[in-house]
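Right, one structure below, let's go through it.
Nothing in this text is a laboratory measurement; each read-out follows from the coordinates by a stated rule. Predicted, not measured: the structure shown is a model, and the values here were computed from it. Reconstructed Cβ throughout: ideal geometry from the backbone, glycine too, with neighbour counts over all protein chains shown.
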Amino acid sequence: MTSNTKPGFETLAIHAGAAPDPATGARSTPIYQTTAYVFDDVDHAASLFNLQAFGNIYSRLTNPTVAVLEERIATLEGGRGATCVASGHAAQMLAFFSFMEPGDEFLAATKLYGGSITQFSRSFKKFGWNAIFVDAEEPENFRKSMTPKVKAIFVECLANPGGVIVDIEAVAKIAHEAGVPLIVDNTMATPYLCRPFDYGADIIVHSTTKFLSGHGNAMGGAVVDSGKFDWAQNDKFKSLTTPEPAYHGLNFYETFGDLAFTIYGHAMGLRDLGPTMAPMNAYLTITGTETLPLRMQRHVENAKAVAEYLEDHRQVEWVSYAGLRSSKHFKLAQKYLPKGAGSVFTFGIKGGYDAGVKLVESCELFSHLANIGDTRSLIIHPASTTHRQLSAEQQKAAGAGPEVVRLSIGLETVDDIIADLDQALAASAR
Amino acid sequence: MFANTVKPSFEKAGHDSYPDTLIRKILREVKVIAMVGASPDWNRPSYFAMKYLQAKKYRVIPVNPKVAGGEILGEKVYASLAEIPEKIDMVDIFRNSEAAGPITDEAIAIGAPVVWMQLGVRNDEAAARAEAAGLTVIMNRCPKIEYGRLNGELGWHGFNSGVISSKRRKLPEKA
Ligand SMILES: Cc1ncc(COP(=O)(O)O)c(C=O)c1O
């Protein structure tokens with residue numbers, strides 16, 4: 001390109017990481033459906049195994065199609081590098097795996113995707129990783145909860161199920177004062193709406209299953225490194241800053257500098273834990289990211305219209321969407337999500353549990369399922385589905401009380417989306 | 001490419017970032033590199049870089065007084081730049097920022113056209129002396145990483161290369 005300016009987000013969404021195939025000239029990224037790659041000779045193999053040469057060995061670690069998506073996401077987030085993995089949950093596991101040891105702790109916001117809360121509080125315990133949950137409404141709470149064993153802070157910038165925004169700039173400052181990285185799950189906002197690295201986040205994780213792939217057809221996750229965190233500033237991050245026995249004493253941070261975290265993600269995380277992204281899913285997600293800006297524009301436009309419609313509806317008790325002036329997160333939304341406050345949010349239906357169940361069952365256009373970030377509009381009543389095992393008190397604390405309905409607004413004609421809710425709300429009152 | 005189109009005055013103006021055109025030109029024109037601080041230990045960063053650059057057909061001559069007379073990756077090790085009997089196109093400095101000062105002066109003395117200080121190594125005074133003597137100076141970069149970034153290899157590992165182009169990727173071939 002011949003212009004003097006930096007390429008815009010839309011250009012990057014289409015071109016970053018992808019170039020015509022060097023061998024064939026194929027313009028769309030080929031699906032490299034292969035497990036392994038030939039070595040030129042024994043010395044070449046040794047260089048690859050010792051991480052002395054760039055190149056592919058085995059697709060559990062790296063794959064050319066997946067690599068295109070990795071560079072694409074790293075670029076869109078303004079990061080140094082990315083590791084793509086099989087799911088959003090795998091991304092969280094891999095991010096923590098890079099520096100957590102048994103007995104270590106991390107701070108996590110209380111308002112997170114429910115599956116993340118379960119992963120952190122139950123399964124991570126088996127690794128000896130201890131999550132301390134903190135109310136992120138007041139960033140100072142993170143400072144108060146800090147312990148010498150804490151290795152990171154984890155938040156969702158725009159929290160699932162929506163409406164809640166964390167002041168990531170304030171939290172990043174607290175993390176850095178304690179010498180630990182801030183990890184932000186940017187699944188709900190995507191880099192089109194918010195770029196957490198611009199506010200001091202150090203690592204970003206994604207469930208690419210949602211808006212990045214965008215069509216409800218490919219599982220995936222990504223760990224993105226800003227490349228800016230100094231892992232050697234204290235002795236908390238030994239796996240990155242001391243000799244690694246599995247690579248004959250290689251010191252990742254000293255050898256690879258700002259590439260170290262991402263190389264560790266592939267060479268240790270993917271190699272030993274194994275949650276590799278399938279090339280086919282990478283291909284679908286690459287295609288998805290090309291239209292991310294267009295889709296997100298429409299997602300937030302439709303979501304705002306639906307939220308405004310619901311706010312005025314007499315059967316609706318409340319709407320939790322940060323893009324509404326009535327939201328207590330409106331000011332933070334203006335700062336962190338000026339283009340729109342996402343397309344996933346909750347509202348409370350009058351008539352409680354029974355009305356909620358009737359509503360989801362009466363929808364014709366909305367799909368009743370447990371996912372977000374699809375072209376299709378989605379609806380779920382958490383108390384009768386995802387949160388049904390919890391007690392009434394637990395449901396309430398999790399923001400999944402009997403009256404709560406969660407929407408993920410899709411890309412259909414907005415009048416049709418509203419009309420479907422309108423008829424379903426009417427049916428739920430009968 | 002975007003990063004290529006930077007004002008001509010930029011090359012001398014600062015050392016916080018370098019245009020891709022300049023890096024490409026250096027990597028294309030340089031043939032013989034003297035690597036000061038090269039280590040014989042296979043798991044040291046300098047060894048990684050030397051091995052990679054050799055694979056890309058550069059001649060890399062190691063300089064390290066502690067192991068002078070020995071061999072690293074098939075090349076004889078010299079105690080100082082002045083002792084190397086061959087013409088050097090670039091001096092790659094794998095030492096700390098302070099040590100980079102006198103090494104840069106030696107590079108000027110032997111007439112090397114390029115001084116390249118590794119990631120984390122930066123000495124602005126030394127750079128100013130070298131530039132006054134007509135040398136090109138790159139600081140706080142790794143030639144291996146830059147080579148891999150520009151030819152797309154770094155992208156194989158999920159890194160942001162900053163390269164946007166609808167052309168097939170080409171290696172920065174040497175002249
Ligand atoms: C905010 C957020 N993070 C992480 C995940 C987990 O992602 P995955 O289902 O791809 O493992 C989800 C999934 O719903 C999510 O909404």
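Can you tell which of A:Ala170, A:Ala74, A:Ala16 shows the greatest fluctuation in a Gaussian network model of chain A with Cα springs below 10 Å? Comparing A:Ala170, A:Ala74, A:Ala16 in a Gaussian network model of chain A, the most mobile one is A:Ala170. Against chain B, whose longest principal axis is taken from its Cα atoms, helix B:20-29 shows a tilt of about 50°. Counting Cβ atoms of other protein chains within 10 Å of each residue's Cβ and taking the mean over peptide A:52-62 gives 4.
Students often forget the sequence filter, so: which lysines lie under 19 Å Cα-Cα from A:Lys6 once same-chain residues fewer than 8 apart are removed? By straight Cα distance, A:Lys6 reaches B:Lys7, B:Lys167. Taking Cα atoms only, the orientation of helix A:88-97 departs from the longest principal axis of chain A by about 50 degrees.
Sparse packing (at most 15 other Cβ atoms within 10 Å of the Cβ) combined with a DSSP loop state is found for the following GluC sites (Glu not before Pro) in region A:107-156: A:Glu137. Placing a label point 7 Å from the Cα of A:Thr375 along the Cα-to-Cβ direction, the residues of region A:194-216 with a backbone N closer than 20 Å are A:208-216. Looking at the protein assembly as shown, the DSSP beta bridges with both ends there are about 45 percent antiparallel.
Exposed loop sites here are GluC sites (Glu not before Pro) assigned a DSSP state other than H, G, I, E or B and surrounded by at most 13 other beta carbons within 10 Å; excluding them, the longest clear run of chain B is B:1-85. Between the exposed loop cleavage positions of chain B, defined as trypsin sites (Lys or Arg not before Pro) in a non-H, G, I, E, B DSSP state with at most 11 neighbouring beta-carbon atoms within 10 angstrom, the longest gap is B:88-166.
Summing +1 for each Lys or Arg and -1 for each Asp or Glu among the other residues whose beta-carbon sits under 13 angstrom from that of A:Thr65 gives -2. Ignoring lysines fewer than eight residues from A:Lys358 along the same chain, the ones with Cα atoms less than 22 angstrom from its Cα are A:Lys350, A:Lys396.
With runs of 4+ DSSP H residues as the only contributors, calculate the mean residue ellipticity of the protein assembly as shown at 222 nm using -39,500 (n - 2.57) per run, divided by the residue total and rounded to the nearest 500.
When only DSSP H runs of four or more count, the value is -9500 deg cm²/dmol.
The mean sequence distance of close C-alpha pairs (under 8 Å, at least 6 residues apart), as a share of the length of region A:333-413, puts its relative contact order at 39 percent. Inter-chain neighbour count for B:41-53: the average number of beta-carbon atoms from partner chains within 10 Å of each residue's beta-carbon is 4. Once the C-beta distance of A:Lys350 and A:Ala26 is scaled by a Förster radius of 56 Å, the resulting FRET efficiency is 0.50 to the nearest 0.05. The relative contact order of region A:292-429, computed from alpha carbon pairs under 8 Å that lie at least 6 residues apart in sequence, is 28 percent. Loop-resident trypsin sites (Lys or Arg not before Pro) (DSSP state other than H, G, I, E or B) in region A:285-351 with no more than 11 further Cβ atoms inside 10 Å of their Cβ: A:Arg314, A:Arg325. Taking a straight Cα-Cα cut-off under 21 Å and skipping sequence neighbours fewer than 8 places away in the same chain, the lysines within cross-link reach of A:Lys151 are A:Lys111, A:Lys125, A:Lys126, A:Lys173, A:Lys228, A:Lys236, A:Lys238. Going through the cross-link list A:Lys149/A:Lys210; B:Lys31/B:Lys144; A:Lys304/A:Lys331; B:Lys56/B:Lys76; A:Lys304/A:Lys335, which pairs have a Cα-Cα distance over 22 Å in this structure? From the list (A:Lys149/A:Lys210; B:Lys31/B:Lys144; A:Lys304/A:Lys331; B:Lys56/B:Lys76; A:Lys304/A:Lys335), the Cα-Cα distance tops 22 Å for A:Lys149/A:Lys210. Using the Cβ-Cβ distance between A:Tyr58 and A:Ser121 with R0 = 51 Å, the FRET efficiency computed as 1/(1 + (r/R0)^6) comes to roughly 0.90.
The magnitude of the dipole of chain A, with charges of +1 and -1 set on the Cβ of Lys/Arg and Asp/Glu and taken from the Cα centre, is near 580 debye. In the protein assembly as shown, taking the dipole from charged Cβ atoms about the Cα centre, the farthest positive-side position among A:Leu407, A:Thr276, B:Ile108 is held by B:Ile108.
Projected onto the charge dipole of chain A (+1 at Lys/Arg Cβ, -1 at Asp/Glu Cβ, origin at the Cα centre), which of A:Leu369, A:Asn251, A:Pro64 gives the Cα projection farthest towards the positive end? Most positive-ward Cα: A:Leu369. Only the Cβ atoms of Lys and Arg (+1) and of Asp and Glu (-1) were treated as charged; on that basis the dipole of region B:20-157 about its Cα centre amounts to roughly 480 debye.
Using a Gaussian network model of chain A in which every pair of alpha carbons under 10 angstrom is joined by a spring, one finds that among A:Ile132, A:Ile286, A:Ile153 the greatest mean-square fluctuation is at A:Ile132. Shielding value for B:161-169 is 6, the average number of Cβ atoms from other chains within 10 Å of each residue's Cβ.
Taking 0.36 nm per residue of separation and subtracting the Cα-Cα distance, full extension of the segment from A:Ser384 to A:Ala232 would add 49.9 nm.
How far, in degrees from 0 to 90, does helix A:64-77 lean away from the longest principal axis of the Cα atoms of chain A, to the nearest 10? It is inclined by approximately 60 degrees. Springs between Cα atoms under 10 Å define the GNM used for chain A, and in it the highest mean-square fluctuation of A:Ala13, A:Ala201, A:Ala46 occurs at A:Ala46.
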